[in-house]
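Contents: one structure, followed by commentary.
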Amino acid sequence: PLSRARPSHRLRSAHSRQSPGKMAAPMVLRQRWGRAAGLWGGLRQAPPPLPLHLRRRAHEQPRRARDAGRLLAAQCERGLFQEVFPAQSAEEQLLELLEPGRPPLTAYCGFDPTADSLHVGHLLAVMGLLHFQRAGHTVIAVVGGATARLGDPSGRERAREPLSAERVGAHARALRAGLERLFENHRELFWAAAAGGRSLGRAVLLDNSCWLGRQPLLDFLGGAGGRLRMGTLLSRQSCQARLRSPDGMSLAEFLYPALQAYDFLHLHLHHGCRVQLGGADQMGNIMSGYELVTKMTGTDVFGITVPLITNTTGDKLGKTAGNAVWLNRDKTSPFELYQFFVRQQDNIVEKYLKLFTFIPLEEIDHIMEMHAKEPEKWGPQKRLAAEVTKLVHGREGLESAKRCTKALYHSSVEALEAMSDQELQELFKQAPSAELMLEPGMNVLDLCRKANAIADGPSGYQKITHGGVSINGIRVTDPETVLILGQHILKNGVSLLRIGKKNYYIIRWLKL
């Protein structure tokens, strides 16, 4: 599932880098923040939020001292930046590069189009790019039109199904449109009010087929291939696991880290890119990119990973696991996305508010305090769902999700009347639909039978009299009730017929 941005829960051992030419394992972010205490250390879990009085004390520090670490420290505190590599170099140089008055940095993240949509499991990588952009830096989203043809072996027990060039191309176009929508929704709906006169960094969308597709094989092997060490590639956990498996590992999969490393090199040489973002299981690929860039240019670059998003049973979200919550409307509707976040439990909702929204930490604290007093209102869940749905689907997508919620769970006739055909189909995906002509004297029993919603004979009649039928959310117990415009037939020419608890039928009336 778009493996370039797929996160993982596996963390690596912590050792700081000794020299630019040597590889080193990443360091996990530690609870203390600020330069004196060190931004990175050896804890294997995301840090809890700082006490409110400490946050206020940090805001009282001189502006220049705060600005240098604001982006990293803030995202560490939110739990978004899980690992930074190499730790020592980042603490010594990355903070300096973020000092006020310095030119903006460039950060990138890649998304392989193995499907035609991003999903919630990749949204944190996009959030990482957006936070860099909000800090005034340039961000690059790379669609892996070339690397998707090989398939990333990271975290997989067997090779991916190969994709044709035509299918990868179609997926890449869909991913590009989805990424453009996310960046545009952020700029329009989340940035203007919070900007305070600050400039939003540039956002660039690229496809690595533009450079990898034109790279001669011998030139690649003689250049980048000569700088990457076999021992390092073979020692990676993902490579070792696959080599020991019955299916083994193909040469194409083995070369995937080399191609992703070349992406980092190309973006560094042509766009000045210094930072690569990715899921936690991408650390090995990020380290390969670091090795290649530093050996060929002598410049220090950095890698940052974001955490894994799992369902309630601990399984990671994704296409392979079959539990993906997609970001494209034709695969997961705004209502379904909204409900996914509304259903999050209390023990996870605060974490998700920090990860998936731009709400200030102090405001999140207040939201959770109010929730402790009034848990029945589900305030944090509703705010989380609204923020994410608005980012992914825009203001209209959020309004659509709320209309569908009112229609389905609150039996709101007004919401049903305002729903479009698209929303009805999204809300009742499995519901049969029928087009009927309204005849004089037509009653509830006639409607149910013409829609093939009840059986003929006494059993169908009794289904109505026993309260098993409702129209537009209103229970009807008299089969002889004549259909009335505005009550049984809504202003938009639709009736929503429900039989039992879960069987819906959409009726569209012709020539009213």
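Quick rundown of the values:
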read-out	value
Solvent-accessible area, 1.4 Å probe, carbon plus sulfur percent, for region 64-306	52 percent
Alpha-carbon spread of region 379-437, three principal axes, descending order, Å	44, 21, 19
Rounded if a/c under 1.5, otherwise prolate or oblate - region 244-288, Cα gyration tensor axes	oblate
Accessible area in the full protein assembly, largest first, 1.4 Å probe, for GLU336, GLU188	GLU188, GLU336
At 1.567 mPa s and 4 °C, Stokes D of region 366-512 from Kirkwood alpha-carbon radius, µm² per second	77 µm²/s
Formal net charge of residues neighbouring ALA455 (Cβ-Cβ distance under 10 Å; K, R +1; D, E -1)	+1
Net charge over other residues, Cβ less than 14 angstrom from the Cβ of PHE341 (K, R count +1; D, E count -1)	+3
J(HN,Hα) series, region 219-227, from Karplus relation 6.51 cos²θ - 1.76 cosθ + 1.60, nearest Hz, glycine and proline x	5, 5, 5, x, x, 4, x, x, 9
Around ALA401: net Lys/Arg minus Asp/Glu count, Cβ-Cβ under 14 Å	+3
Solvent-accessible surface (1.4 angstrom probe) belonging to THR294, in square angstrom, nearest 10	10 Å²
Mean Cβ neighbour count within 10 Å, used as a protection proxy, ranking 488-494, 129-135 highest first	129-135, 488-494
Kirkwood-type radius of region 64-306, with distances r between different C-alpha atoms, in Å	18.6 Å
Gained length - ARG343 relative to SER433, 0.36 nm times residue gap less alpha-carbon distance	29.6 nm
Per residue solvent-accessible surface (Å²) - region 64-306, probe of 1.4 Å	37 Å²
Å² of accessible area per residue within region 416-512, as computed with a 1.4 Å probe and no ligands counted	54 Å²
Signed unit charges on C-beta, dipole axis of region 334-426, positive-most listed residue ASN347, SER412, ALA401	ASN347
Vicinal HN-Hα couplings computed from phi for region 416-424 (Karplus, 6.51 cos²θ - 1.76 cosθ + 1.60; Hz; Gly/Pro x)	4, 5, 8, 6, 7, 4, 4, 5, 4
Relative contact order (%) - region 432-509, alpha-carbon pairs under 8 angstrom, separation at least six	38 percent
Sorted peptide list for 438-446, 405-413, 372-380, criterion being average Cβ within 10 angstrom, highest first	405-413, 438-446, 372-380
From phi via Karplus (6.51, -1.76, 1.60), per-residue ³J(HN,Hα) for region 324-332 in Hz, x at Gly/Pro	5, 10, 6, 9, 8, 4, 6, 10, 9
Within the accessible area of region 422-492 (1.4 Å probe), percent carbon and sulfur	49 percent
Rg/Rh (Cα only; Kirkwood hydrodynamic radius) as it applies to region 455-506	0.97
Restraint check, LYS331/LYS450; LYS402/LYS501; LYS351/LYS502; LYS354/LYS390, Cα-Cα greater than 26 Å	LYS331/LYS450; LYS351/LYS502
Size of region 75-190 as Cα extents on the principal axes (Å, biggest first)	47, 36, 24
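The values are calculated or read from the model by the stated rules, or taken from the named source; none is laboratory data. Worth saying up front: this structure is predicted, and the values here are computed from it rather than measured. Note: ideal-geometry Cβ built from the backbone for every residue, glycine included; neighbour counts use all protein chains shown. Keep in mind that these areas ignore ligands, DNA and RNA; they rest on the heavy atoms of the full protein, side chains included. Shrake-Rupley method; radii C 1.70, N 1.55, O 1.52, S 1.80 Å.
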